[in-house]
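**Q** The structure's right below; bear with me while I get my questions together.
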Amino acid sequence: MTRIIAGRAGSLTLEVPDAGTRPTSDRVRESLFGALESADALRGAAVLDLYAGSGALALEAVSRGAVSADLVEKAPRAASVVQRNAAKVSKAIARDASITVHRSPVTVYLQVRRGPFDVVFIDPPYDLPEAELTTALDLVVSSLKPGAIVVVERASRSPEPTLPAGLVAERSKRYGDTTLWWSTAAPVEETAADDEEADA
């Protein structure tokens, strides 16, 4: 079991899938959400949670003021857990917030333009091939608002994520065997300029 740390659903316990997922530790989530709240990135935000697992990241964001959350999980058992957790959080916050669970592979979900999103969490299984993560990052760009925050959680032994045009690396922080990689969506004009340079 894990729990919502703070906000309207604070202390609410969440189910965790029995296999195939790796829930983000309370320590890492406390640091992550402390930084997001310091940047006032959650209030009124549209959030996307890829490789959702238990859904704890997006549901924490909703508890703290996000107005919508889309959670993408392809594993049937995990997706069922996410659906139950989402229902519990929706009931606990007792306010309008759209929480939608998508039972789909991440790359299939992202092939249709979504959002636009203000915050994206990407917390794939540690054994996910780097090529699939790179593809997911490339596909998600078209669904981001300018200045949107993208946080990738990976094993510290994993290489730095390869960012596509349209995402700008901000910082990384290591927590033992876990590292968070932060990036932001570039302004539209900057992305267009990069495309023009590539065509030249």
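**Q** For Y126, Y109, what's the fewest-to-most ordering of other Cβ within 10 Å of each Cβ?
**A** Y126, Y109
**Q** Let me ask something else about it. Using alpha carbons only, how many degrees (0 to 90, rounded to 10) separate the axis of helix 76-93 from the longest principal axis of the chain?
**A** So the helix axis and the longest Cα principal axis differ by about 70 degrees.
**Q** Given Cα pairs under 8 Å that are at least 6 residues apart, what percent is the relative contact order of the chain?
**A** Working: 388 pairs, mean separation 32.9, N = 200.
Relative contact order, the chain: 16 percent.
**Q** Could you work out how far helix 130-140 tilts from the main Cα principal axis of the chain, as a 0 to 90 degree angle to the nearest 10?
**A** Result, in degrees: 90.
**Q** Relative contact order (percent) for segment 18-93, with alpha-carbon contacts under 8 angstrom and 6 or more residues of separation?
**A** The normalised contact order for segment 18-93 reaches 29 percent.
**Q** Here's another thing I want to ask about it. Taking the Cα centre of the chain as origin, sum charge times position over the Cβ atoms of Lys and Arg (+1) and Asp and Glu (-1), and report the length of that vector in debye to the nearest 20.
**A** Result for the chain is approximately 1240 debye, rounded to the nearest 20.
Bear in mind that the values in this text are calculations on the coordinates, not laboratory data. Since this is a predicted model, take the numbers as computed values, not measurements. Neighbour counts run over all protein chains shown; Cβ positions are idealised from the backbone, glycine included.
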